[in-house]
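J.: The structure that follows is given in the form of structure tokens.
The values are calculated or read from the model by the stated rules, or taken from the named source; none is laboratory data. Just so you know, these numbers come straight off a predicted model, no measurement behind them. In this analysis, Cβ positions are derived from the backbone assuming ideal geometry, glycine residues included, and neighbour counts consider all displayed protein chains.
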Amino acid sequence: MSRKRILGALLLAGAVSFGLVACGDVQDSSSSAPSSSAATDAAAFPVTITHKFGSTTIEKAPSRVVVVGTSSDDLDAALALGVTPVAFFNKSGTSGVPAYLEGKLDPAKTKIVDATNGVNAEEVGALTPDLILATADYGLDQEYPNLSKIAPTVGYATEWGAQSWQEHVQVTAKALGKSSQAQQVIDTTQAAIDKVKADYPKAAGKTFTASVGNTAGKIFTLVSQKDFAVQLIQSLGLKLSPNVANLGQNDSGSPTGSLSPEQYDKLAADLVVIAFTSPDLQQAFESNQLVANVKSGNYLVVDMATISALRYPTVYDIPWVLDKLKPGLAKL
């Protein structure tokens, strides 16, 4: 299961602690607006997209797009391509428009539906979509049969969490008839990464760890070179600390390993990025004698919104999360 971001590896029981901060309340369907179809290549249709659940044919440029996702990859890609979905069914278990989408997502035009407990097919059908983007939907294997009866539904290629942010842009663009614009969107985000790398040249070759504390007596830390968060930070010139690389990876292919209190010193690196779900967990971690060495270096505590965005890189959250890492990069 290479590159798979296992749901549950960094979680409390059933809660997406490394999930994406997304949006909240359901609005009246009468207020929904059609998606923008500006600059859509009419010659791109019909188009057929092959994915894990079969193939989906989109006959003409969609005007009412619904996004279903545990992360906002498809939502961000659609917005960046100039399309305003009529709804986003958010399965991340969090609420509030994420900071990185402020000014880009208008909840008056895109209804935000809390789908933490699953997607209600009738609610999706009431929106009369002509395209459902669900390549970031954990649980699509259960929901695809019903969703595909409502409208052409595009699922993930092989497994949930295995597509890079670039691949999300490409498949979303293909479904929307905007493939000619995909590379420009990708290049814009890549330029933001390249600029940060150029602005902090001392990061080259330095080590890092990235972790979360959400359970008493345990820290979850990234351990896989194949994890997208690790790859994003390494694209700035840093490298995953050998003290944690492949530490505790289990047979499921999870990109995270867990550390018990007697192992906390393994988190020490040139840059230590960590988030906590509560002040009590942070205090317990920092009071451990082995953490003195961790804190004596470049110790950057971030909030859960930042660590969540880092875990699920998208075209819009990447520049935002890199800004959050700059205080740590500046000390390298």
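J.: Would you call Leu222 crowded, with 18+ Cβ neighbours inside 10 Å and farther than 30 Å from Lys331 by Cβ?
T.: no
J.: Still on this structure, please answer the following. Collect the residues in the range 61-92 that are in a loop (DSSP other than H, G, I, E, B), in contact (Cβ under 8 Å) with a residue 60 or more places away in the chain and more than 13 Å from the chain's Cα centre (by Cα), keeping them in residue-number order.
T.: Ala61, Pro62, Ser63, Arg64, Leu81, Gly82, Val83
J.: Would you please list the contacts, defined by Cβ atoms under 7 Å and residues six or more apart or on different chains, that run from a residue in the range 172-188 that is hydroxyl-bearing (Ser, Thr, Tyr) to a residue that is part of a helix (DSSP H, G or I)?
T.: Correct list of pairs: Thr172/Asp74; Thr172/Ala77; Thr172/Ala78; Ser179/Ala44; Ser179/Ala173.
J.: Can you find, within the range 177-196, the residue that is farthest from Ser235 (Cα to Cα) among those that are of a type in the set (Ser, Thr, Tyr) and out of contact with any helix residue (DSSP H, G or I) (no Cβ under 6 Å at 6 or more places or on another chain)?
T.: Per the stated criteria, the residue is Ser180.
J.: While we're looking at this one, here's another question. If Lys226 satisfies all but one of (1) assigned to a loop (DSSP other than H, G, I, E, B); (2) within 20 Å of Pro313 (Cα to Cα); (3) at pLDDT 95 or above; (4) not polar (S, T, N, Q), what's the number of the condition it fails?
T.: (3)
J.: Please count how many residues of the range 38-50 are out of contact with any helix residue (DSSP H, G or I) (no Cβ under 8 Å at 6 or more places or on another chain) and surrounded by 13 or more Cβ atoms within 10 Å (Cβ to Cβ).
T.: The total comes to 1.
Yes or no, residue by residue, for (1) surrounded by fewer than 20 Cβ atoms within 10 Å (Cβ to Cβ); (2) closer than 15 Å to Val67 by Cβ:
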residue: Leu140; (1), (2): no, yes
residue: Leu147; (1), (2): no, yes
residue: Ile150; (1), (2): yes, yes
residue: Thr158; (1), (2): yes, no
residue: Asp187; (1), (2): yes, no
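J.: Output the qualifying pairs, or none if there are none: Cβ atoms under 6 angstrom, residues six or more apart or on different chains, first residue in the range 308-332 and touching a residue at least 60 places away in the same chain (Cβ under 8 Å) and within 19 Å of Asp227 (Cα to Cα), second residue part of a loop (DSSP other than H, G, I, E, B) and aliphatic (A, V, I, L, M).
T.: Ser308/Leu20; Ser308/Val21; Tyr312/Leu20
J.: Let me ask something additional. Please determine, by comparing only the residues of the range 262-316 that are within 20 Å of Val223 (Cβ to Cβ) and basic (Lys, Arg), which one is modelled with the highest pLDDT.
T.: Among residues in the range 262-316 that are within 20 Å of Val223 (Cβ to Cβ) and basic (Lys, Arg), the one modelled with the highest pLDDT is Lys266.
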